[in-house]
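Contents: one structure, followed by commentary.
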Number of protein chains: 2
Amino acid sequence: MNDPTPSAGRGEPTRDALIRAAIEIFGRDGFDAASTRAISDAADVNQALIGYHFGGKPGLYLAALRFIAASVSARLGPLVDSIEEQIAKDGQARTGKKVAERSLAALQGLLEAFVGMLASDESAAWARLILREQQNPSDGFDVLYEGFMHRILGVASELVARAQNRGASAADCKLTAFTIIGQAVVFRAARACVMREMQWSELGASELADIRAQLRRNIAAIVQAEPSR
Amino acid sequence: MNDPTPSAGRGEPTRDALIRAAIEIFGRDGFDAASTRAISDAADVNQALIGYHFGGKPGLYLAALRFIAASVSARLGPLVDSIEEQIAKDGQARTGKKVAERSLAALQGLLEAFVGMLASDESAAWARLILREQQNPSDGFDVLYEGFMHRILGVASELVARAQNRGASAADCKLTAFTIIGQAVVFRAARACVMREMQWSELGASELADIRAQLRRNIAAIVQAEPSR
DNA sequence: GTCTATAGTCGGATAGAC
DNA sequence: GTCTATCCGACTATAGAC
């Protein structure tokens, strides 16, 4: 009688408010510790409506993850689209100085956008939920992986391959992509440590600019380094 | 009547078992979601003993964090000691090719040890707890920061400064240290994503060797890159 | 120090009026 | 679709016997 997400209708504002509150509370407390009462209070709707609209707490959690995947896609999707176009245009010409230069610039741009997202207050709750899912994957992890992770990692690896301009295996390029992405992720995953050690009181425009400059420099260095060790 | 941690005595095996179980359960479920029953069951002791030995659930949590800090220090402390000795021996001679080479090698060694720790099954539960504390710092975060984070970040930054061999500010070196450490952290923080994307079924010796080689290469590239961009 | 038993609280789910 | 009311299970903490 309570089909999850009965699609648009009069109850849409209610579902929306519940999802937004759920991201906040689930992100802060985790799935088990978050109470449906806290979520419904924050959303200013009746607690019983969670059961009606989402079938229960797990259904609301999945809906929240889908919302996050859609939000990340909305934020990074256009940039990834344009990069994929560029890759398609360059086609199989995976070597050449021009291609390498373009690919490096695209990779730097992608990571600047990525770290910008990780730094934003808006994404703080998402990020907490995503980190939780990574540490303890639930059924919902697929939603995130298929929703945006796989695609972003794909373009990042391909850009590494083209920017490096040497015969690294696909697995090597993926590994390189992860280490590069890790340089951005650390500023969310270890945020408390970063703020304390850097003696920052906030991660604002000025701090973000420093981080981005560091990332640009590191990415160029990694990708242009001689294969020899 | 129940002074927290009444020090050694007949109850020590009980306290030890509780702490070990607490790290596992708190790491898996988080502070709120973890139940004292689950912990006492896993430790195979009576639930009421948590109150007796640690004063309650929060006391047990703090004890677990202290145990983690001690474990990390035991694992990385000796290496950090030797690096600090080397730094002291090189003294204020922060420039020079030999010092730079030694410092780069030390930095690479530190990160290989660090990522080895992050990869180990033993540390899986620690890492989850630490990541939770970073995302949502409690009173216990100090225990971790003062316990080992601050010290490790300190030597890492100093090594960056000496290995780079150019006039980067202390803040820049710290930032560089974070991006380098982030390259290791990502393999714990985004482990689920890494395993899936790399199509790994385990993170064993072979995978760890690939990661270490990648880290060595990246660190050298970052530290030796020209300051220009 | 360790145990049993329980008091007191809070959580998720749902029945049923409107 | 939204609300009130409530059932029932699980939790922390603690009293008190041994």
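The values are calculated or read from the model by the stated rules, or taken from the named source; none is laboratory data. Source: prediction; values computed, not measured. Every residue, glycine among them, receives a Cβ derived from its backbone with ideal geometry; neighbour counts consider all protein chains shown.
Return the pairs, sorted by first residue and then second, in which the second residue is among the basic types (Lys, Arg) and within 9 Å of DNA strand C (Cβ to nearest atom), the first residue lies in region A:43-58 and is under 19 Å from A:Asp139 (Cβ atoms), the beta carbons are less than 7 Å apart, and the residues are 6+ apart or on different chains.
A:Ile50/A:Lys57
Can you find even one residue in region B:170-181 that is among the hydrophobic types (A, V, I, L, M, F, W, C), crowded, with 21+ Cβ neighbours inside 10 Å and in contact with a Ser or Thr (Cβ under 7 Å, 6 or more places away or on another chain)?
yes
If you check B:Ala48 against the conditions, is it buried (at least 21 other Cβ atoms within 10 Å of the Cβ) and within 13 Å of DNA strand C (Cβ to nearest atom)?
Against the criterion (buried (at least 21 other Cβ atoms within 10 Å of the Cβ) and within 13 Å of DNA strand C (Cβ to nearest atom)), B:Ala48 does not qualify.
Only one residue in A:Val186, A:Val155, A:Val115 is under 25 Å from B:Arg217 (Cβ atoms), at the interface with another protein chain (Cβ under 9 Å from one of its Cβ atoms) and in contact with a helix residue (DSSP H, G or I) (Cβ under 8 Å, 6 or more places away or on another chain). Which one?
A:Val186
Has region A:16-25 got at least one residue that is within 16 Å of DNA strand C (Cβ to nearest atom), over 26 Å from A:Ala192 (Cα atoms) and either out of contact with any strand residue (DSSP E or B) (no Cβ under 6 Å at 6 or more places or on another chain) or away from chain B (no Cβ under 14 Å) (or both)?
yes
Taking region B:51-68 as the search range and keeping residues that are buried (at least 20 other Cβ atoms within 10 Å of the Cβ) and within 18 Å of B:His150 (Cα to Cα), which one is farthest from the chain's Cα centre (by Cα)?
In this case the residue turns out to be B:Leu65.
Report yes if A:Leu111 is of a type outside the set (Lys, Arg), touching a Leu at 6+ places or on another chain (Cβ under 6 Å), farther than 21 Å from A:Ala69 by Cβ and part of a helix (DSSP H, G or I), otherwise no.
Spelling it out, it is not the case that A:Leu111 is of a type outside the set (Lys, Arg), touching a Leu at 6+ places or on another chain (Cβ under 6 Å), farther than 21 Å from A:Ala69 by Cβ and part of a helix (DSSP H, G or I).
Can you tell me which of (1) surrounded by fewer than 18 Cβ atoms within 10 Å (Cβ to Cβ); (2) in a helix (DSSP H, G or I) is the one B:Glu202 doesn't meet?
Every listed condition holds for B:Glu202 apart from (2).
Restricted to region B:208-229, and to residues that are in a loop (DSSP other than H, G, I, E, B) and more than 7 Å from chain A (Cβ to nearest Cβ), which residue is modelled with the highest pLDDT?
Only one residue fits best here, namely B:Glu226.
Looking at the structure I just gave you, is B:Ala125 modelled with pLDDT under 95, facing chain A (nearest Cβ under 7 Å) and farther than 28 Å from A:Arg151 by Cα?
No: the conditions fail for B:Ala125.
Quickly run through region B:114-130 and pick out the residues that are within 21 Å of B:Phe31 (Cα to Cα), among the small types (Gly, Ala, Ser) and part of a helix (DSSP H, G or I).
Hits for region B:114-130 are B:Ala124, B:Ala125, B:Ala127.
State whether one or more residues within region A:153-174 are in contact (Cβ under 8 Å) with a residue 60 or more places away in the chain, among the basic types (Lys, Arg) and more than 27 Å from B:Val155 (Cα to Cα).
Within region A:153-174 (the criterion being in contact (Cβ under 8 Å) with a residue 60 or more places away in the chain, among the basic types (Lys, Arg) and more than 27 Å from B:Val155 (Cα to Cα)), the answer is yes, since at least one residue qualifies.
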